[in-house]
Amino acid sequence: MTEYLDIDPRFWNKDEGEFEYDGEQVFFRKLSDSVLLFVEGVVYEALRP
């Protein structure tokens with residue numbers, strides 16, 4: 001997921017944003033070493049490579 005947000009032209013230059021994934025609205029916030037994903041009120045943290 002972090003690679004997707006870092007290389008997709010719609011998201012690579014944004015620190016915050018949103019997209020739809022599998023019918024769910026996903027909000028994200030990029031940090032220096034991880035990405036926070038907010039889905040249905042739950043926060044997930046994905047480490048960046």
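Just so it is clear, none of the values below were taken in a lab; they were calculated from the coordinates. Because the structure is a prediction, the values reported are computed rather than measured. For neighbour counting, all protein chains shown are included, and Cβ atoms are generated from backbone atoms with ideal geometry for every residue, glycine included.
With labels modelled as points extended 7 Å from the Cα through the Cβ direction, what inter-label distance (nm, one decimal) is found for PHE27 paired with TYR4?
The two pseudo-label positions are separated by 1.9 nm.
Rg and Dmax of the stretch 2-47, Cα atoms, in Å?
9.9, 28
Under 17 Å from the 7 Å Cα→Cβ point of GLU18, by amide nitrogen: which residues of the stretch 30-49?
Inside the label zone: 30, 36-44.
Projected onto the charge dipole of the chain (+1 at Lys/Arg Cβ, -1 at Asp/Glu Cβ, origin at the Cα centre), which of VAL43, GLY23, ILE7 gives the Cα projection farthest towards the positive end?
ILE7
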